[in-house]
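Input: one structure, supplied below.
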Amino acid sequence: AKTLGKARTETFDPSMHGHAMARLQIEIDLRKALERQELRVFYQPIVSLKTGKITGFEALVRWQHPTSGMIPPIKFIPVAEETGLICAIGWWVLQQACQQTRYWQERFPSEPPLTISVNVSGKQFTQSNLIEQVDRILQETGLAPTSLKLEITESVLVENAEAAAAVICQLRAMGIQFSIDDFGTGYSSLSYLHRLPIDTLKIDRSFVNNVDCEPEKIEIIRTIVALAWNLGMNVVAEGVETKTQMYQLQALKSEYGQGYFFSKPTDSEAVEALLMTQPDW
Ligand code: C2E
Ligand code: CA
Ligand code: CA
Ligand code: CA
């Protein structure tokens, strides 16, 4: 009876119960959110550190909750991943982002045209209809495949290496580009890098942030830039927050930058204001 009692207390640990309930509530709300169209796509510019011009945007999902306000992805992406809802969300984000970018390309012509970077989760990446989905969305929105960049993390490449490689090669053959997100924080298994048609390494913001105060971070960035250069890849420094950091990254020959210094992720209206004023970085 004693052990049973103990087991019971563990099962009904009030904090665990609360946690599970909270997750369940998020799942229920998230399903409704998709139906009720409460999700939003925000956009953050990616800037050429050579010219100071906006070359494209990263699409970042937000949840405009009717009572809780704007919910950041950290609060619901993990639940979405666990429940598989991430796939529906991910395709919706891709559709929105491609449509929006197609419109901006017409309204704000540039050479090359503005690009759009979209995060693709591991779950989406192993869906059997991935290529059809991407192809369908490009057809529907009329966006050129060369304007689309898909961001994946190292874990996607490592956990399902062969399937991932096949999918990347097929999409790359269509003209779609690939970026490795949060580069340097994951497995950092360099063996896959030279075997796959990856275009861009996005240096994680933990290395970029405070680069002006911590010399060892300079060396890490220097190494990633050299690696990318040797493999014929581009580099985007994430999380650029100050002008000093921007100068430092320019000096380190990072080709592109992204971060609060240029702009926080914003809604499409604020993006248009940004594209109209063409700030001088
Ligand atoms: P991520 O892909 O690494 O996106 C960059 C995150 O860094 C964004 O957070 C962005 O707001 C934040 N950030 C950008 N510049 C700065 C800066 O200068 N300083 C600081 N401190 N942060 C900066 P956000 O929008 O909260 O997104 C968090 C994560 O959620 C993303 O990280 C990504 O992993 C995931 N996520 C967002 N949207 C999607 C999506 O549509 N699909 C999937 N699968 N994941 C998404
Ligand atoms: Ca990303
Ligand atoms: Ca990132
Ligand atoms: Ca290349």
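The values are calculated or read from the model by the stated rules, or taken from the named source; none is laboratory data. These numbers come from a predicted model, not from an experiment. Every residue, glycine among them, receives a Cβ derived from its backbone with ideal geometry; neighbour counts consider all protein chains shown. Calculation scope for accessible area: heavy atoms of the full protein, side chains included, ligands and nucleic acids excluded. Shrake-Rupley method; radii C 1.70, N 1.55, O 1.52, S 1.80 Å.
Would you be able to tell me the number of residues in region 108-130 that are open to solvent by 40 Å² or more (accessible area, probe 1.4 Å) and more than 16 Å from ligand 2 (Cβ to nearest atom)?
The total comes to 9.
Output the qualifying pairs, or none if there are none: Cβ atoms under 8 angstrom, residues six or more apart or on different chains, first residue in region 187-199 and more than 13 Å from Ile152 (Cβ to Cβ) and at pLDDT below 90, second residue more than 16 Å from ligand 2 (Cβ to nearest atom) and open to solvent by 40 Å² or more (accessible area, probe 1.4 Å).
As it stands, the answer is Ser189/Val158; Leu190/Leu227; His194/Leu231, since those pairs meet every condition given.
If Trp229 satisfies all but one of (1) away from ligand 4 (no atom under 16 Å from the Cβ); (2) assigned to a helix (DSSP H, G or I), what's the number of the condition it fails?
So the condition that Trp229 fails would be (1).
I need every pair where a residue in region 115-130 that is within 12 Å of Thr153 (Cα to Cα) has its Cβ under 8 Å from the Cβ of a residue that is part of a loop (DSSP other than H, G, I, E, B) and open to solvent by 50 Å² or more (accessible area, probe 1.4 Å), sequence separation at least 6 or different chains.
Gly122/Asn160; Phe125/Asn160
Here's a follow-up. If the requirement is being under 19 Å from Ile46 (Cα atoms) and either buried (at least 18 other Cβ atoms within 10 Å of the Cβ) or among the basic types (Lys, Arg) (or both), which of these qualifies: Lys217, Lys202? Even if it seems obvious, please write down each step before you answer.
Details: Lys217 fails: under 19 Å from Ile46 (Cα atoms).
From the options Lys217, Lys202, the qualifying one is Lys202.
Read through the list (1) within 13 Å of ligand 3 (Cβ to nearest atom); (2) free of Cβ contacts under 8 Å to residues at least 40 places away in the same chain; (3) out of contact with any Phe, Trp or Tyr (no Cβ under 6 Å at 6 or more places or on another chain); (4) among the aliphatic types (A, V, I, L, M), then give the number of the only condition that Ala273 fails.
For Ala273, the failing item is (1).
Considering only residues that are open to solvent by 70 Å² or more (accessible area, probe 1.4 Å), in a strand (DSSP E or B) and within 20 Å of Asp181 (Cβ to Cβ), which ones fall in region 19-75?
none
Further, regarding this structure: Being part of a loop (DSSP other than H, G, I, E, B), among the acidic types (Asp, Glu), without any contact (Cβ under 8 Å) to a residue 40 or more places away in the chain and open to solvent by 60 Å² or more (accessible area, probe 1.4 Å), is that true of even one residue in region 239-249?
Yes, region 239-249 contains a residue that is part of a loop (DSSP other than H, G, I, E, B), among the acidic types (Asp, Glu), without any contact (Cβ under 8 Å) to a residue 40 or more places away in the chain and open to solvent by 60 Å² or more (accessible area, probe 1.4 Å).
Taking region 229-276, which residues are aromatic (Phe, Trp, Tyr) and farther than 18 Å from Gly56 by Cα?
Correct list: Trp229, Tyr247.
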